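Report on the structure given below.
The values are calculated or read from the model by the stated rules, or taken from the named source; none is laboratory data. All figures in this text were calculated on a predicted structure; none of them were measured in a lab. All Cβ positions, glycine included, derive from the backbone under ideal geometry; neighbour counts span all protein chains shown. For the accessible areas, the whole protein counts, side chains as well, though only heavy atoms, and no ligand, DNA or RNA atoms are used. Shrake-Rupley method; radii C 1.70, N 1.55, O 1.52, S 1.80 Å.
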Amino acid sequence: LQTDTDVVVLTTGVLVLITMLPMIPQSGKQYLHDFFGIFGRLSSWCLQNSGHVAEIYLVHLHASVYALFHRLYGMYPCNFVSFLRSHYSMKENLETFEEVVKPMMEHVRIHPELVTGSKDHELDPRR
């Protein structure tokens, strides 16, 4: 997912990741920044490669990236929002944010952990 360019492989890989994340919440936390990086890469990939891939594949990839957004936001809201802030505050990522990520954010409510939790509390094994 970090380097592949085959849209079918990417879509399948993201769907597997989405399925596996709830099963390995503590084991997966060591790869959290990798998961966030994959989200960032695929969000921009959806935008940059739109003319090179069949429309049906892009629709499926976008839907899987949207599902990954929901999974990461649902499981690790504080860490994910922190990633979104740092990653999309860079000028080169602003277009991806406006075209891909912002519309995703407009369809979720504020997560209670953003108010009552912290990045460290989210990764606590007792949680």
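Overview of results
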{"item": "Residue list for segment 67-100, restricted to those being farther than 28 Å from residue 121 by Cα and either modelled with pLDDT under 90 or hydrophobic (A, V, I, L, M, F, W, C) (or both)", "result": "94, 100"}
{"item": "Members of segment 84-101 found to be open to solvent by 80 Å² or more (accessible area, probe 1.4 Å), part of a helix (DSSP H, G or I) and not acidic (Asp, Glu), listed by number", "result": "85, 91, 94"}
{"item": "Of residues in segment 55-83 being farther than 22 Å from residue 20 by Cβ and without any contact (Cβ under 8 Å) to a residue 24 or more places away in the chain, the one least open to solvent (accessible area, probe 1.4 Å)", "result": "59"}
{"item": "Top-ranked residue of segment 34-58 - restricted to ones that are of a type in the set (Gly, Ala, Ser) and closer than 20 Å to residue 102 by Cα, ranked as farthest from the chain's Cα centre (by Cα)", "result": "50"}
{"item": "Hits in segment 59-118 (condition: of a type in the set (D, E, K, R) and in contact with a His (Cβ under 9 Å, 6 or more places away or on another chain))", "result": "113"}
{"item": "Of all residues in segment 102-127 being in a helix (DSSP H, G or I) and open to solvent by 100 Å² or more (accessible area, probe 1.4 Å), the one that is nearest to residue 24 (Cα to Cα)", "result": "120"}
{"item": "Sole exception among (1) in contact with a His (Cβ under 8 Å, 6 or more places away or on another chain); (2) at pLDDT below 95 for residue 20, by number", "result": "(1)"}
{"item": "Test for residue 1: is it among the hydrophobic types (A, V, I, L, M, F, W, C), open to solvent by less than 50 Å² (accessible area, probe 1.4 Å) and modelled with pLDDT under 95", "result": "no"}
{"item": "Condition check for residue 2: touching a Pro at 6+ places or on another chain (Cβ under 8 Å) and not small (Gly, Ala, Ser)", "result": "no"}
{"item": "Any hit, segment 34-41, residues being at pLDDT below 90, surrounded by 11 or more Cβ atoms within 10 Å (Cβ to Cβ) and among the aromatic types (Phe, Trp, Tyr)", "result": "no"}
{"item": "Residue that is farthest from the chain's Cα centre (by Cα), among those in segment 4-33 that are loosely packed, with under 12 Cβ neighbours inside 10 Å, in contact (Cβ under 8 Å) with a residue 24 or more places away in the chain and in a helix (DSSP H, G or I)", "result": "22"}
{"item": "Where a residue in segment 91-119 is among the acidic types (Asp, Glu) and its partner, wherever it lies, is at pLDDT 90 or above and part of a helix (DSSP H, G or I), with Cβ under 8 Å and at least six apart", "result": "113/77; 113/78"}
